Structures are given as structure tokens and as C-alpha cells.
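Asks: Just dropping this structure here.
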Amino acid sequence: MSYLYPSITINGREVSLYDIVHQAAAANSEFEVSTFNFIRRWLRNESTFEIHTSGSTGTPKKIVITRSQMVVSARMTEHALKLQAGYTALVCLNTQYIAGQMMLVRCFTTGMRIMAIDPNANPLASIPADVHIDFTAWVPYQVYEILASPQANRLNAVRYSIIGGAPLNREAIQALQQYSCRFFATYGMTETISHIALQSLNGNAPSPVFQALPGISIYTDARGCLVIEAPHLPERIVTNDLVEMKEKDSFVWLGRWDNIINSGGVKIIPEKVEQAAGEVLSKCGVNRSFFIAAKPDSKLGQKIILLLEGKDDVESIPRELIYKEFKQAVSAYEIPRDIIVVEQFAYTNTGKIDRRKTIEMITNRS
């Protein structure tokens, strides 16, 4: 496949594609190694790629996908966002995984210039102030860090941003409304070869729903979980994502079926409670990573708990006030029965909270 440019920019220096393909380019970080390796294989027209899943919903595994599948996925995003040859794309996600690799594929298929930097909390801090970015992909923690940084105003110099890996909190979504950059949340997974649906977060048409990309067919199974059929997938994918269908091609994501908590016979979706928890903690002056989970309970079967990351500082965690605010924000069944502080959550290699491992940590210590 031909490419418009003879080189890429990576960590502030120009590296020729000739040197990358012929293994003459020196890599100065693990990110550069994985980026050069993928580019080399792509430009040598390899037909299959072994991809690692992140492990956020189970044991990490390897799957094999084809070059043509990746090209079809990239074209769907190109058409949905009207990406153009000549754009500059910022690649700042781990290129060992599908999200980072698909950013590279989109550049090759569309003809966008590659600007790559080692993944970090605030990629904009590493980019010269006069550089304009047309397209990029973030994970939520990068968005949070940028919004809280001196580089926040530079988001106006970005044309399109897609955000995936986990839902953004309400505060961040509200903050994005002031920027001219168009932000889209993505829905997808390694098995779907990146995202298959986009949600407009700001601009003239913000939306609470995910819109499937052209050519994608979606519906729900008996559990209410999303089922996906797509021209680039060899078989339908039955997910564990609970959704509310709005139209035949749009949906609201509710949470994970395998995260459902059964407390006293009432089924509770923790992700729904987390939406309220973000506002509760903000009102209480608690700015920490958190999630809702469950512990075994002799009476209820499972009881809801709120997990907070960091030190168990009595002054910074006003438990009674948190409980009081929860009573105003959620139903009686959804109020956490306990607040547990974990000094350090477990995280996946892609920066997402590993709920399963974190819960195992607190179970083993109790």
C-alpha cells in the first residue's frame, strides 16, 4: 500500500519509513519498538496480525485478524468523521493493542500524516504549541489530565477526537462543551477491530446515544445484551454489554451484564450507580478514582460497596456526608452499604481499572 509521506514524526524527531522497513531506525522506547514493528509489517503487506486483548473483562488473550478487516474498519471511521488525506493524526495510545494500531492503519488508509508520542497522561504537553492536530484518539484519563492542565485551551487546535476504553464522567463531558474540537465517545472492543459506533459528545448535535457506523447491524439478545454483525467480521459477536435500543442502529450503553449485582433480589447495574456517584463525590469534595462493586452478604446475598483509590484519610473521605448525598441521588437499593479505600487499584495494560483484580485484592485482604 502506498503512503503519501516518506517519514513519520515520533517523539519529536523525523524517522524515515525506509529505515523503519529495513530495521535501521533506532527505537528509544517500548512504544517506539511496537510502533516500528507494526509499521514495518504493514508496509510489507503482511496479511494477518496477532492482537492482544486488554484483559479488562477477563484473561488477556491473543486473536488473529486480517489486514482487510482492519482496512474496512478504518474506512468506516474515515467516512463517519470525513477524515481526509493530508490531515495530521496524533497517535498517543499503546500500539501493542488494537486502539493504537488502528490509529496507524487509519493514517495509512486515509493518507494522514503520523505524529506519534509515547503514551502519557497529557500528550499535548509534549507537542509544540504551533502544531495543529486534525485527528486523535484518547482514553478518559488523558482527557481528565488535559482538562486540568495548562494545555486545556489547546484542545481548540484539534479537529476531531475519539475517546474510548471507558465512559467519561459527567463533569468532563460538561467541560468539553466549551471547545471547538469535536469529541466522540467510541463503542467497540478488540474483537470488533476497534469501534463500531460513535456518540457525539459536543458541538451542535451532542447525543446520549451511540450511533452504529454504516454497514453495522445491531440488536439485543434475551439478556438485553448487544449483538453485532458487520461486513468485516466473520461471525456475529454476542457481547456482555447491556444496552437500551433506541432505533435499529442506535443504543444507550447501560453497563456490563457480568457486573450486575443481585442485592436482596434486586438487580443493580453498577455503571448506572457510578454515574450518580461521580456527582455525589464531587459535591463532597472527593476527587478520586472509584467504582461500584459488591461483596458477599449473609442477608442480601450481595451488598453494594463504593471503592475509592488512595489513602484512607478520615478528613478527605467524609463518609457520613457521602452516604447522605447518595440517599438523595439514587434509590434505596442502590446506596452503597460500605465505603472501602484501596491504596492502588489494579489496572490493565491499556490504563483501564481492572475491576475483577481489584475486587480480588480486597477479598484476599479481608
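The values are calculated or read from the model by the stated rules, or taken from the named source; none is laboratory data. Here the structure is a predicted model, which means the values were calculated and not measured. Cβ placement follows ideal geometry from the backbone for every residue including glycine, while neighbour counts extend to all protein chains displayed. All accessible areas refer to the heavy atoms of the entire protein, side chains included, with ligands and DNA or RNA removed. Shrake-Rupley method; radii C 1.70, N 1.55, O 1.52, S 1.80 Å.
Asks: Would you confirm, using the coordinates I've provided, whether K324 is of a type in the set (D, E, K, R) and touching a strand residue (DSSP E or B) at 6+ places or on another chain (Cβ under 7 Å)? Explain how you work it out, then say what you get.
Replies: Values: of a type in the set (D, E, K, R): yes; touching a strand residue (DSSP E or B) at 6+ places or on another chain (Cβ under 7 Å): no.
No; evaluated as a whole, the condition is false for this residue.
Asks: How many residues does region 210-222 hold that are part of a loop (DSSP other than H, G, I, E, B), open to solvent by 30 Å² or more (accessible area, probe 1.4 Å) and modelled with pLDDT of 95 or more? Before you say what the answer is, go through the steps one by one.
Replies: Pass one, region 210-222, residues part of a loop (DSSP other than H, G, I, E, B): 213-216, 221-222.
Of the ones still in play, those that are also open to solvent by 30 Å² or more (accessible area, probe 1.4 Å) are 214-215, 221-222.
Right, trim to modelled with pLDDT of 95 or more and you get 221-222.
So the answer is 2.
Asks: I would also like to ask the following. Identify, by number, the condition in (1) out of contact with any helix residue (DSSP H, G or I) (no Cβ under 7 Å at 6 or more places or on another chain); (2) within 28 Å of R256 (Cβ to Cβ) that G164 doesn't meet.
Replies: (1)
Asks: Going through region 33-42 one residue at a time, which ones are of a type in the set (V, I, T) and open to solvent by 20 Å² or more (accessible area, probe 1.4 Å)?
Replies: To start, the set of residues in region 33-42 that are of a type in the set (V, I, T) comprises 33, 35, 39.
Residue satisfying the conditions is V33 alone.
Asks: Looking only at region 19-32, decide whether some residue is surrounded by 19 or more Cβ atoms within 10 Å (Cβ to Cβ) and within 22 Å of G164 (Cβ to Cβ).
Replies: Scanning region 19-32 turns up at least one residue that is surrounded by 19 or more Cβ atoms within 10 Å (Cβ to Cβ) and within 22 Å of G164 (Cβ to Cβ).
Asks: Of all residues in region 255-274, count the ones that are farther than 15 Å from R223 by Cβ and in a helix (DSSP H, G or I).
Replies: First pass over region 255-274, keeping only residues farther than 15 Å from R223 by Cβ: 261, 263-266, 268, 270-274.
Adding the requirement that they be in a helix (DSSP H, G or I) leaves 270-274.
Total meeting the criteria: 5.
Asks: Considering I339, I304, I317, which residue is in contact with a Ser or Thr (Cβ under 7 Å, 6 or more places away or on another chain), of a type in the set (V, I, T) and either modelled with pLDDT under 95 or within 17 Å of A277 (Cα to Cα) (or both)? Before you say what the answer is, go through the steps one by one.
Replies: On the way: I339 fails: in contact with a Ser or Thr (Cβ under 7 Å, 6 or more places away or on another chain); I317 fails: in contact with a Ser or Thr (Cβ under 7 Å, 6 or more places away or on another chain).
Exactly one of I339, I304, I317 is in contact with a Ser or Thr (Cβ under 7 Å, 6 or more places away or on another chain), of a type in the set (V, I, T) and either modelled with pLDDT under 95 or within 17 Å of A277 (Cα to Cα) (or both), namely I304.
Asks: Among the residues of region 281-310, which ones are out of contact with any strand residue (DSSP E or B) (no Cβ under 9 Å at 6 or more places or on another chain) and not small (G, A, S)? Break it down stepwise before answering.
Replies: Initial filter on region 281-310 (out of contact with any strand residue (DSSP E or B) (no Cβ under 9 Å at 6 or more places or on another chain)): 282-285, 287, 298-299.
K283, C284, N287, K299, listed by residue number.
Asks: Here is a follow-up. Return yes when T9 is surrounded by fewer than 22 Cβ atoms within 10 Å (Cβ to Cβ), more than 21 Å from the chain's Cα centre (by Cα) and β-branched (V, I, T) and no when it is not.
Replies: Values: surrounded by fewer than 22 Cβ atoms within 10 Å (Cβ to Cβ): yes; more than 21 Å from the chain's Cα centre (by Cα): yes; β-branched (V, I, T): yes.
Yes: the conditions hold for T9.
Asks: Could you list all residues from region 180-199 that are open to solvent by 30 Å² or more (accessible area, probe 1.4 Å) and in a loop (DSSP other than H, G, I, E, B)?
Replies: S180
Asks: Checking C92 against (1) touching a helix residue (DSSP H, G or I) at 6+ places or on another chain (Cβ under 8 Å); (2) at pLDDT 95 or above; (3) farther than 21 Å from V158 by Cα, which single condition isn't satisfied?
Replies: All conditions are met except number (3).
Asks: If you go through region 105-149 one residue at a time, how many are closer than 23 Å to K82 by Cα, within 17 Å of the chain's Cα centre (by Cα) and among the hydrophobic types (A, V, I, L, M, F, W, C)?
Replies: Number satisfying all stated conditions: 5.
Asks: Scanning region 225-275 for residues that are of a type in the set (G, A, S) and open to solvent by less than 20 Å² (accessible area, probe 1.4 Å), which turns out farthest from I322 (Cα to Cα)?
Replies: Step one: of region 225-275, the residues of a type in the set (G, A, S) are 230, 250, 255, 263-265.
Now narrow it down to the ones that are open to solvent by less than 20 Å² (accessible area, probe 1.4 Å): 230, 250, 255, 263.
Values: A230: 44, S250: 35, G255: 23, S263: 20 Å.
Only one residue fits best here, namely A230.
Asks: Follow-up question, since we're still on this one. Is it the case that region 317-328 has a residue that's more than 19 Å from N262 (Cα to Cα), of a type in the set (D, E, K, R) and touching a residue at least 40 places away in the same chain (Cβ under 8 Å)?
Replies: Within region 317-328, one or more residues are more than 19 Å from N262 (Cα to Cα), of a type in the set (D, E, K, R) and touching a residue at least 40 places away in the same chain (Cβ under 8 Å).
Asks: When region 58-95 is examined, which residues are found to be small (G, A, S), open to solvent by less than 10 Å² (accessible area, probe 1.4 Å) and part of a helix (DSSP H, G or I)? I'd like the intermediate steps shown before the answer.
Replies: Filtering region 58-95 down to residues small (G, A, S) leaves 58, 68, 73-74, 80, 85-86, 89.
Checking which are open to solvent by less than 10 Å² (accessible area, probe 1.4 Å) leaves us with 73-74, 89.
Result: S73, A74.
Asks: I'm trying to understand the selection: among the residues of region 96-113, which are under 16 Å from I162 (Cβ atoms) and outside any helix (DSSP H, G or I)?
Replies: Just the residues of region 96-113 that are under 16 Å from I162 (Cβ atoms), to begin with: 97-107, 109-110, 112.
If the condition is that a residue be under 16 Å from I162 (Cβ atoms) and outside any helix (DSSP H, G or I), then Y97, M112 are the ones that fit.
Asks: Can you confirm whether region 55-65 contains a residue that is on the phi > 0 side of the Ramachandran plot, at pLDDT below 95 and touching a Ser or Thr at 6+ places or on another chain (Cβ under 8 Å)? So that I can check it myself, show each step before the final result.
Replies: Within region 55-65, the subset on the phi > 0 side of the Ramachandran plot is 55, 58.
Pick out the ones that are also at pLDDT below 95 and you get 55, 58.
Checking the rest, the ones that are also touching a Ser or Thr at 6+ places or on another chain (Cβ under 8 Å) come to 55.
Yes, some residue in region 55-65 is on the phi > 0 side of the Ramachandran plot, at pLDDT below 95 and touching a Ser or Thr at 6+ places or on another chain (Cβ under 8 Å).
Asks: Within region 118-168, how many residues turn out to be open to solvent by 60 Å² or more (accessible area, probe 1.4 Å), in a loop (DSSP other than H, G, I, E, B) and touching a residue at least 60 places away in the same chain (Cβ under 8 Å)?
Replies: Result for region 118-168: 1.
Asks: Then there's this: Could you give me the residue pairs with C-beta distances under 9 Å whose first residue belongs to region 67-78 and is touching a residue at least 60 places away in the same chain (Cβ under 8 Å), whose second residue is open to solvent by 30 Å² or more (accessible area, probe 1.4 Å) and assigned to a helix (DSSP H, G or I) wherever it lies, and which are 6+ apart or on separate chains?
Replies: Short answer, once both residue conditions are applied: none.
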